[in-house]
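Readers should treat all values here as calculations from the given coordinates under stated rules, not as data from a laboratory. Keep in mind it's a predicted model, so treat the numbers as computed, not measured. Neighbour counts run over all protein chains shown; Cβ positions are idealised from the backbone, glycine included.
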Amino acid sequence: MLKKAREKRGEIEMDEYKAERKRMVAEQIAQRGIRDPRLLAVMEALPRHRFVPPDHLAWAYADGPLPIGFGQTISQPYIVALMTEALHLTGAERVLEVGSGSGYQAAVLGKMAAEVHTVEFIPELAAQAVAALKELGFANVHLHVGDGSLGWPACAPYDAILVAAAAPRVPQPLLEQLAEGGRLILPVGSQGFQQLEIWEMRAGKYEQEPGIPVAFVPLRGEHGWR
């Protein structure tokens, strides 16, 4: 009886999270204009609560960022969706993410692209993200510890680059690692307030367009905040 009761509790918990994910996608993401059906399906299926610290599980699907330790956060679900959609992924791309954090954004990218390289500055966070990604069976997401503001030249060029931390300006190494036709999205501005910028490489030249105002933690490293 006790075993059945535990199994039942597990089923209820899973059902509750499933309902929360569905509500998150419908109310926080789709209603705000995200239209990519593949992305909506990924975010409805991906267990965001597996990337959230235990003391914040109650807010795993809330409409906002959450602390994950070491002064870092897991981004608001809408911002994750917005930045991912802006990359125009088809499923065949090699993607670079700067700022692995919890691993959740990398997991979304791993479902949307063929290969993902993600770089984390803080070793302890990297270890936690690796454990979560491994537990969920992500074989196409490769996490590296290092200075993400320098990109990851060993696997360049990239069809898409997503920076999940705020830079004072777009890091030149990231532009140089962008493939022809590739897109780069990142928050640029002061510490505490930035604007998303979308860069695209076309015929050997970089084109830039502005996005919405955002607030991200500072990018660490040579081309980030000292």
query = Among W199, W225, W152, which comes first, second and so on when ranked by fewest other beta-carbon atoms within 10 Å?
reply = W225, W199, W152
request  = For the range 164-178, take each phi angle, set θ = phi - 60°, evaluate the Karplus expression 6.51 cos²θ - 1.76 cosθ + 1.60, and give the result in whole Hz per residue in order, putting x for glycine and proline.
outcome  = 9, 7, 7, 10, x, 7, 5, x, 4, x, 6, 4, 5, 9, 8
task = Taking amide H positions as placed in the peptide plane 1.01 Å from N, state which residues far from L178 in sequence (5 or more) or on other chains have amide H under 5 Å from it.
result = Y158
query = HN-Hα J couplings of the range 84-98 from phi, Karplus 6.51/-1.76/1.60, θ = phi - 60°, integer Hz, Gly and Pro as x?
reply = 5, 4, 5, 7, 6, 6, 10, x, 9, 8, 9, 10, 10, 10, 10
ask   = Between the range 51-89 and the range 124-198, what is the C-alpha centre distance in whole Å?
value = 16
ask   = Within the chain, what percent of beta bridges assigned by DSSP are antiparallel, to the nearest 5?
value = 50
inquiry  = Helix 2-23 against the longest principal axis of the chain: what's the angle in degrees, Cα atoms only, rounded to the nearest 10?
reply    = 40
query = Under 19 Å from the 7 Å Cα→Cβ point of Q31, by amide nitrogen: which residues of the range 59-103?
reply = 59-65, 76-82
Three semi-axes of the equivalent ellipsoid, the range 62-214, Cα gyration tensor, whole Å, largest first = 22, 18, 14
ask   = What residues qualify as long-range amide H neighbours of T73, i.e. H under 5 Å apart, gap of 5 or more or another chain, H built at 1.01 Å from N?
value = I68
